[in-house]
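Colleague: I have a structure I would like to understand better, so I am pasting it below and will then ask my questions one at a time.
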């Protein structure tokens, strides 16, 4: 018997959110919610991945537009990463990340073997997916987070992420 569409969507959503739920288990020692701790860790790892993908793009891409976009990602996500790390000061109990999450690292490894148009297509797809996920994560922090500094960071950064998403969608497809 086929699974009804609403139930299938619920199962897919739950399966997709499990890695984030595991990361969000970390507690804020200052009384914040697991949402804040998970956001801190995910945003940090995601930001590092954006910079790594984009540094690779400056070397592997054959498109000037892609290279220009990649440089913007390096600069913007580099600044956001520094700002996020500064929120660690005051010891909120958050763990700093120093590398992308395993799935992002796997994609980086695969893309490091690509060049030219093949790389450009994979990079565009990765940037769209990553920024869609980041926008959703930042919106959740704004809505459900309890740490005022985290929420302020999310509110400040969200418009830039939405702009990055639109820029990624405008990248050449070939």
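The values are calculated or read from the model by the stated rules, or taken from the named source; none is laboratory data. Note that the structure is predicted; figures quoted are calculated from it, not measured. Every residue, glycine as well, gets a Cβ built from its backbone with ideal geometry; the counts of neighbours run over all protein chains shown.
Colleague: All but one of (1) modelled with pLDDT of 95 or more; (2) outside any loop (DSSP other than H, G, I, E, B) hold for residue 114; state the number of the condition that does not hold.
Modeller: Residue 114 satisfies all of (1) modelled with pLDDT of 95 or more; (2) outside any loop (DSSP other than H, G, I, E, B) except (2).
Colleague: Conditions first: (1) closer than 14 Å to residue 39 by Cα; (2) assigned to a helix (DSSP H, G or I). Residue 128 passes all but one, so which condition is the exception?
Modeller: (1)
Colleague: Before we move on, is residue 154 more than 17 Å from residue 39 (Cβ to Cβ), part of a helix (DSSP H, G or I) and at pLDDT 95 or above? Explain how you work it out, then say what you get.
Modeller: Details: more than 17 Å from residue 39 (Cβ to Cβ): no; part of a helix (DSSP H, G or I): yes; at pLDDT 95 or above: yes.
Against the criterion (more than 17 Å from residue 39 (Cβ to Cβ), part of a helix (DSSP H, G or I) and at pLDDT 95 or above), residue 154 does not qualify.
Colleague: For the range 108-125, give me the residue count where each residue is touching a helix residue (DSSP H, G or I) at 6+ places or on another chain (Cβ under 9 Å) and in contact (Cβ under 8 Å) with a residue 40 or more places away in the chain.
Modeller: 10
Colleague: Are there any pairs with C-beta distances below 8 angstrom linking a residue in the range 126-150 that is at positive phi and modelled with pLDDT of 95 or more to a residue that is in a loop (DSSP other than H, G, I, E, B) and surrounded by 22 or more Cβ atoms within 10 Å (Cβ to Cβ), with the two at least 6 apart or on different chains, and if so which?
Modeller: none
Colleague: A further question on this structure: Identify all residues within the range 61-102 that are touching a helix residue (DSSP H, G or I) at 6+ places or on another chain (Cβ under 8 Å), in a helix (DSSP H, G or I) and in contact (Cβ under 8 Å) with a residue 60 or more places away in the chain; write none if there are none.
Modeller: 66, 69, 72, 73, 76, 80, 83, 84
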